[in-house]
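A short write-up of the structure that comes next.
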Amino acid sequence: MKQVMAVGLMLCGLVMAGCSSTTNVTELPTVTAAEPLQALVTQLAQRQQQAQQRLQQSELAWFAPKQLEQATDALAEAGKHFAKIAADPTQLHQSIGVFSRRSRYQACLDGLSDAELALDKAEQVRHDSVQLLAPAFANREVLQSLATPEHYPDEYQALERELRRLVALIADDRSERAQRQMTELLPQQVRLETDTVRLLYLRPQQAAVYDLEEIDIDDAAPLSFAVAQARLFALEQLIEQQPRQIDSIKLLVQQVTVEANHTKQIGATVQQLQQADERQLEGYLLSIEQLLTQLAGQLAQTSQQQLTVTEQLKLLVNQHAQATAAAAQVTVKAVPVSATGVVAGSVR
């Protein structure tokens, strides 16, 4: 009987000792000073703010959506613990659960570290992608500058998906494969760029020239119409071969516009003359002759109405050219020149 009681007492002692050791498992060192606690809270707040700012970086989600999602989740987990710490700094070193030895401080640190690692990876993916896929991103910028997403949304989005697929390869450490496959993407981007330039600069001019055919201006003024067509063809060739020469393209656009308007005026006049009777034709020629007479008076020249209209115009042009040349010679003689050949007063 004494032996049974001894064993029972020994078991009770062991149980009590076990209970005592269990309550000490989650005991963690605590900091009671308010100053050190607040300093740790401030450090956590600063790291959390920095991570949040990095999350907002331009196009980071476009380059590394997977890593950004990981960073967002980790930061949310850290924020959950930080909210309790910020409300009561004494919870810094309290356990996050009954059966866990991790403190809220350590859990918050782990979440921030995981977020920062994911952000580091995302930023590295963006950097490597921009470097390794530089030609494709350069083409992308050109397409955006031309507002291609607005004009060809479906085609542009298809190229965007392909570019993002190449970026995903880089994120998976398959950079060489991404660079090899980029060679298939580049000509597609250039083709869409050319189509956009054609839409913006060629189609309006084509419509203007084709409209002339609708009103038979090509028959009334074939020579002028041929010039307009030649300018239009030159514009089309330039866009096809050098779609990025926008300044040259704009210059040709202006030339096509001028020639189309000129052709339209010439053709309309010819059509009017073709429908006019003899009296109207004479009135038309007399009105031109009257204008030439007025021009001769303004140029201090004698009107030569006995000549044809064409001859009168040529004569006025020649007389004006001679008068201009004579005035230029007089101006040159009037400028004093020193013995060294330098215009007097030009050196100070």
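Summary table below
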| read-out | value |
| --- | --- |
| Lone unmet requirement of (1) at pLDDT below 95; (2) closer than 22 Å to residue 245 by Cβ for residue 138 | (1) |
| Qualifying residue in the range 144-156 (condition: among the small types (Gly, Ala, Ser) and outside the structural domain of residue 250 (by TED's automatic domain parsing)) | no |
| So residue 46, is it under 16 Å from residue 112 (Cβ atoms), loosely packed, with under 13 Cβ neighbours inside 10 Å and at pLDDT 85 or above | yes |
| Count - residues of the range 58-69 that are assigned to a helix (DSSP H, G or I) and among the small types (Gly, Ala, Ser) | 1 |
| Residues within the range 205-259 that are charged (D, E, K, R) and under 26 Å from residue 272 (Cβ atoms), tallied | 8 |
| Residue check for residue 333: outside the structural domain of residue 189 (by TED's automatic domain parsing) and at pLDDT 75 or above | no |
| Filter result for the condition that a residue is over 13 Å from residue 171 (Cα atoms) and either touching a residue at least 40 places away in the same chain (Cβ under 8 Å) or of a type outside the set (Gly, Ala, Ser) (or both), over 129, 113, 100 | 100 |
| Residue in the range 205-212 that is part of a loop (DSSP other than H, G, I, E, B), in contact (Cβ under 8 Å) with a residue 12 or more places away in the chain, among the small types (Gly, Ala, Ser) and within 18 Å of residue 258 (Cβ to Cβ) present | no |
| Tabulated pairs, the range 221-233, first in the same structural domain as residue 206 (by TED's automatic domain parsing) and basic (Lys, Arg), second assigned to a helix (DSSP H, G or I) and buried (at least 21 other Cβ atoms within 10 Å of the Cβ), C-beta under 7 angstrom, 6+ apart or interchain | 231/252; 231/256; 231/259 |
| Helices (runs of 4 or more DSSP H) fully within the range 70-189 counting 3 or more residues that are of a type in the set (Lys, Arg), within 33 Å of the chain's Cα centre (by Cα) and within 20 Å of residue 60 (Cα to Cα) | 153-171 |
| Among (1) under 20 Å from residue 173 (Cβ atoms); (2) surrounded by 14 or more Cβ atoms within 10 Å (Cβ to Cβ); (3) of a type in the set (A, V, I, L, M, F, W, C), the one test that residue 134 misses | (2) |
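Residue-by-condition table, conditions (1) more than 26 Å from residue 67 (Cβ to Cβ); (2) surrounded by 15 or more Cβ atoms within 10 Å (Cβ to Cβ):
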| residue | (1), (2) |
| --- | --- |
| 127 | no, no |
| 150 | yes, no |
| 165 | no, no |
| 176 | no, no |
| 187 | yes, no |
| 198 | yes, yes |
| 209 | yes, yes |
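The values are calculated or read from the model by the stated rules, or taken from the named source; none is laboratory data. What you see is a predicted model; the values in this text were computed from it and never measured. Backbone-built Cβ (ideal geometry, glycine too); neighbour counts: all protein chains shown.
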